[in-house]
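Working notes, beginning with the structure itself.
The values are calculated or read from the model by the stated rules, or taken from the named source; none is laboratory data. These numbers were taken from a predicted model, which means no experiment stands behind them. Quick reminder, even Gly has a Cβ in these numbers, built from the backbone with ideal geometry, and neighbours come from all protein chains shown.
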Amino acid sequence: MKQWLRQVRHARNKESVGSKLLRLFYYRLIIPIKRARDQPEIIARGVAIGILMGMTPTVGLQMYLIFLIWLAVRRFWRFNLVLAIAWSWISNPATMLPMYYMFHLTGKMLLLDFGDHTSFDAFTAQLDTLMAANGGNALYALLDLIENLWNTFGWSIVIGCVPYSLGFSFLGYWLTYRLVEKPNDIDAPLSPED
């Protein structure tokens, strides 16, 4: 695994799309973890909180919510605020539609509502209509979008995000803790044989 990652981020592999995405992921999310000066638990908590909030249907509010959580718990339960905010960006306008659709389907399944199966295209069209109806002030538009999402899809998106949010945040905590706790040689220079 380490050898593969070292080869992917090597300069001669910059042109492939997969390599570009992996390099972006590595340099924007993994390097900050490795450079953080906190204890492993604090770093791992930051990643877990970021993923927990990133996997909720609150695109646009996640950074503010993380900051409010940090303000509320910083005296007795510390986590790395910068890493939490960075990892909350896993859901963004580019990933929002597939994630919300996945939440919607999962929520319908968990609520045992097997009647109405909305296709991805119909779901996207509904969401585009909701987003187009919001104009003017960005904050009011965002709050309006959240209200319209609630009125249109209801509990299915809220319930559907819970397994993903909890599962990926636990996985993120565990992987980050292992990455930070163990010394590794991922950043070692490439040898001529590589």
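Quick look at the values:
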read-out	value
Residue within segment 95-117 that is touching a residue at least 12 places away in the same chain (Cβ under 8 Å), among the aromatic types (Phe, Trp, Tyr) and closer than 13 Å to Thr176 by Cβ present	no
Any hit, segment 59-81, residues being touching a residue at least 40 places away in the same chain (Cβ under 8 Å) and in a helix (DSSP H, G or I)	no
Qualifying positions in segment 132-185 - among the β-branched types (Val, Ile, Thr) and either modelled with pLDDT under 90 or closer than 24 Å to Lys108 by Cα (or both)	Ile146, Thr152, Ile157, Val158, Ile159, Val162, Val180
Residues located in segment 19-40, provided they are in a helix (DSSP H, G or I) and polar (S, T, N, Q)	Ser19
Filtered residue count, segment 63-91, keeping only those that are surrounded by fewer than 18 Cβ atoms within 10 Å (Cβ to Cβ) and within 21 Å of Trp155 (Cα to Cα)	1
